[in-house]
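J.: Once you've had a glance at the structure underneath, I'll fire off some questions.
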Amino acid sequence: MAVIIADSDVLIDFLRGHGEGARHVALELESRSLATTAITSFEIRSGAHSTKQRKSVDALLEAVIILPFGAEEARIAADIRIQLESHGQSIGMADYMIAAVCIANQGLLLTRNRKHFERVEGLTLSG
């Protein structure tokens, strides 16, 4: 079974306790191992400003597998960027990197940002 890799938008939904993304994250946390990327970890950690928010983010990230961004992921991210930008379809640096981690780990990306990520060849979206 492919690992579910949560993007920042659905993890933020979970932390706020609303939306379909929150329900999906809660279900994945209960039923099997949920992962996220080191890039997503950075995104949600840097958005936590209060002590309460930081504690909530820390608790969530301790409950998931954090997948690294290494040399292979960098190669894949560069290929994605070149391919998409050659067609005028930039999705942003972080999203190239997140997509690459998902592809390298043969994971399913759980995100509400389908508009960006559905453009990435070889990336499977969850749900």
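J.: If we keep just the residues of region 116-127 that are touching a residue at least 24 places away in the same chain (Cβ under 8 Å), under 19 Å from Ser8 (Cα atoms) and surrounded by fewer than 17 Cβ atoms within 10 Å (Cβ to Cβ), which is farthest from the chain's Cα centre (by Cα)?
T.: If we take residues in region 116-127 being touching a residue at least 24 places away in the same chain (Cβ under 8 Å), under 19 Å from Ser8 (Cα atoms) and surrounded by fewer than 17 Cβ atoms within 10 Å (Cβ to Cβ), then Gly127 is farthest from the chain's Cα centre (by Cα).
J.: Sticking with this one: Are any residues in region 59-94 among the small types (Gly, Ala, Ser) and either surrounded by 19 or more Cβ atoms within 10 Å (Cβ to Cβ) or assigned to a strand (DSSP E or B) (or both), and if so, which ones?
T.: Of region 59-94, the ones among the small types (Gly, Ala, Ser) are 59, 63, 70-71, 74, 77-78, 86, 88, 90, 92, 94.
Correct list: Ala77 only.
J.: I'm checking my understanding of the structure. Among residues of region 82-115 that are among the polar types (S, T, N, Q) and touching a residue at least 40 places away in the same chain (Cβ under 8 Å), which one is nearest to Ala71 (Cα to Cα)?
T.: Result: Asn105.
J.: Still on this structure: When only residues in region 1-18 that are over 12 Å from the mean Cα position of the chain (by Cα) and without any contact (Cβ under 8 Å) to a residue 40 or more places away in the chain count, which is farthest from Arg45 (Cα to Cα)?
T.: Per the criteria, the residue is Met1.
J.: State all residues of region 15-47 that are within 21 Å of Met93 (Cβ to Cβ) and touching a helix residue (DSSP H, G or I) at 6+ places or on another chain (Cβ under 7 Å); if no residue qualifies, say none.
T.: Scanning region 15-47 gives Thr36, Thr37, Ile39, Thr40, Ser41, Glu43, Ile44, Arg45.
J.: A further question on this structure: Looking at (1) β-branched (Val, Ile, Thr); (2) farther than 18 Å from Ala2 by Cα; (3) under 12 Å from the mean Cα position of the chain (by Cα), which is the one condition that is false for Val64?
T.: With (1) β-branched (Val, Ile, Thr); (2) farther than 18 Å from Ala2 by Cα; (3) under 12 Å from the mean Cα position of the chain (by Cα) applied to Val64, the lone miss is (2).
J.: Give the number of residues within region 1-55 that are surrounded by fewer than 18 Cβ atoms within 10 Å (Cβ to Cβ) and not in a helix (DSSP H, G or I).
T.: Count: 11.
J.: Right, something else. For region 41-52, state whether one or more residues are in contact (Cβ under 8 Å) with a residue 40 or more places away in the chain and either over 23 Å from Ile103 (Cα atoms) or hydrophobic (A, V, I, L, M, F, W, C) (or both).
T.: No; the residues of region 41-52 include none that is in contact (Cβ under 8 Å) with a residue 40 or more places away in the chain and either over 23 Å from Ile103 (Cα atoms) or hydrophobic (A, V, I, L, M, F, W, C) (or both).
J.: Please count how many residues of region 89-127 are of a type in the set (S, T, N, Q) and on the phi > 0 side of the Ramachandran plot. Break it down into steps so the answer makes sense when it comes.
T.: Taking region 89-127 as the starting set, the residues that turn out to be of a type in the set (S, T, N, Q) are 89-90, 105-106, 111, 113, 124, 126.
If we keep only those that are on the phi > 0 side of the Ramachandran plot as well, we get 106.
So the answer is 1.
Where a number appears in this text, it was derived from the coordinates with a stated rule and is not lab data. Just so it is clear, the model here is predicted, and its values are computed rather than measured. As a convention, Cβ positions derive from the backbone with ideal geometry for all residues, glycine included, and neighbour counts pool all protein chains shown.
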